[in-house]
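Each remark here refers to the structure printed beneath this line.
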Amino acid sequence: MRHFDFNAGEMHAEGVPLRQIAEEVGTPVYVYSTATLERHYKVFADSFKDVPALVAYSVKANSNIAVLATLAKLGCGADVVSGGELSRALMAGIPADKIVFSGVGKTPDEMRLALDAGIRVFNVESRPELETLNQTAADMGKIANIAFRVNPNVTAGGHDKISTGKAENKFGVAWKDTEKAFALAASLPAIKVVGVDVHIGSQIDDLAPFKATIQKVSGLVTRLRASGHDIQSFDIGGGLGIPYGDNRKAPPLPSVYGAMVKDLTRDLGVEMIFEPGRMIAGNAGVLLSKVIYAKEGADRNFLIIDAAMNDLLRPALYDAYHDMEPVKAPGSDFEETLYDVVGPICETGDTFTKNRSLPAMKADDLLVIHSAGAYGASQASQYNTRPLIPEVLVNGDEYQIIRERPTVEDILKTEKIPHWLR
Ligand code: LLP
């Protein structure tokens, strides 16, 4: 079921016409669907409802507190990678004991915040990080629960820049050092080893790398237990891919992924932790934009839209494909045209797509860029002094602005001209 679909000739988000949002909030704007967020969470969580499991939504995918609160209400936990994300998750009502803290560069300040909150587990990625955490926790009179993120040296992921499980990547403890790392952790007074953790990449459209990883890490769990470590949880990270419209093959359904994971971990006696991000938020959001100009180039047509690479970085950064459709359903007489869809930013990289076949469009027409709910707003910047764009959450027939559009004044008031120039 698609919650962004045509109704009476116009694209809606659930029961709300996108044209209405464009008129009332302005463009460009991110629009999210509550029903889709809920459905994706439930489909994922239901795949594991018969085994001990925690779904810890990866906040980086879409970190708006309204999105987090929508998921919190369903019982979802959170995977955070900064003190900022931790504050968001707590503010949205995600209980601290459902929060896992990942990331290669946690600072002592961030550790203190997380220890104060009483999070479930730190996914530790190196020996120096472990030592800093031990010192920080000891200073606070606390014990930090940890899992080591291990680097299984498995290739996976939709693009080199989002592949994380290879030995050459900066992530996790090197495979050959894992047992030494666990032995060190067990010897530190303010550290308690509770699990293992791994995350191999993102937009993975194949079960094979997950399977290889689970098999490898299961062997490690058995060896660690034999050495006396009390391994209670196995965090397999996120990474399950989604359909973007150009996939060479359909990514596995969460139920198929779930069946495989359960099959491989049934006899391990661990609680599984999952950190899905894209799978929950990606297709729950669109970027709604307006054509500024339709321009004829030397040998091609450009659609210059009011959204740009600072609003949605994925095409520029990863050559990512996003489906696009006009908000007005094309009539039977529509004229198909090949467009390069571009933003107004002064860089050739500010291109959403090249040679895309779309119905002929003109200035002021509205265009929808699909699959923009994950790594869209959360990766946006104010490059070219373009204020961050607003976010809207639809719920049935109503919508609410969940992040306002800042003004240029809001941006400028954070900057200062030094006294010697005044
Ligand atoms: N856990 C950890 C430790 C991660 O680093 C990530 C994503 C996830 C979970 C969630 O992965 P997901 O389920 O969303 O694949 N900006 C890129 C994706 C970067 C992913 C970074 N880590 C993109 O737009 O494709």
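Structural remarks
- Put simply, of Y339, Y375 the only residue that is aromatic (F, W, Y), away from the ligand (no atom under 16 Å from the Cβ) and in the same structural domain as V408 (by TED's automatic domain parsing) is Y339.
- When the residues of segment 316-330 are filtered to those that are in a loop (DSSP other than H, G, I, E, B) and open to solvent by less than 40 Å² (accessible area, probe 1.4 Å), the one that is nearest to the ligand (Cβ to nearest atom) is A320.
- Search result, residues across segment 5-40 that are over 19 Å from E404 (Cα atoms), under 20 Å from the mean Cα position of the chain (by Cα) and open to solvent by less than 20 Å² (accessible area, probe 1.4 Å): T36, L37
- Search result, residues across segment 248-275 that are among the charged types (D, E, K, R) and farther than 20 Å from N123 by Cα: R248, K249, K262, D263, R266, D267
- Whichever residue in segment 142-164 is open to solvent by less than 30 Å² (accessible area, probe 1.4 Å) and over 17 Å from T213 (Cα atoms) and, among such residues, is nearest to the ligand (Cβ to nearest atom): I146
- Filtered residue count, segment 41-72, keeping only those that are within 13 Å of the ligand (Cβ to nearest atom) and out of contact with any Lys or Arg (no Cβ under 7 Å at 6 or more places or on another chain): 7
- Candidate set: segment 363-379, residues that are open to solvent by 30 Å² or more (accessible area, probe 1.4 Å) and within 21 Å of the chain's Cα centre (by Cα); chosen: the one nearest to H322 (Cα to Cα): Y375
- Screening A92 with (1) free of Cβ contacts under 8 Å to residues at least 40 places away in the same chain; (2) crowded, with 23+ Cβ neighbours inside 10 Å gives one miss only, at (2).
- Total residues in segment 184-206, condition over 23 Å from G165 (Cβ atoms) and open to solvent by 10 Å² or more (accessible area, probe 1.4 Å): 6
- Hits in segment 319-376 (condition: aliphatic (A, V, I, L, M) and either over 11 Å from L303 (Cα atoms) or touching a helix residue (DSSP H, G or I) at 6+ places or on another chain (Cβ under 6 Å) (or both)): A320, M324, V327, A329, I345, L366, V368, I369, A372, A374
- L133 falls short of the stated requirement of being open to solvent by 20 Å² or more (accessible area, probe 1.4 Å) and out of contact with any Ser or Thr (no Cβ under 9 Å at 6 or more places or on another chain).
- Checking each residue in segment 140-176 for being within 17 Å of I119 (Cα to Cα) and free of Cβ contacts under 8 Å to residues at least 12 places away in the same chain picks out only G141.
- Total residues in segment 274-315 satisfying the condition of being open to solvent by 40 Å² or more (accessible area, probe 1.4 Å) and within 11 Å of the ligand (Cβ to nearest atom): the figure is 1.
The values are calculated or read from the model by the stated rules, or taken from the named source; none is laboratory data. A quick note: this is a predicted structure, and the numbers were derived from the prediction, not measured. Cβ atoms come from the backbone with ideal geometry, glycine included; neighbour counts cover every protein chain shown. We work out accessible area using only protein heavy atoms, side chains counted, and drop any ligands, DNA or RNA first. Shrake-Rupley method; radii C 1.70, N 1.55, O 1.52, S 1.80 Å.
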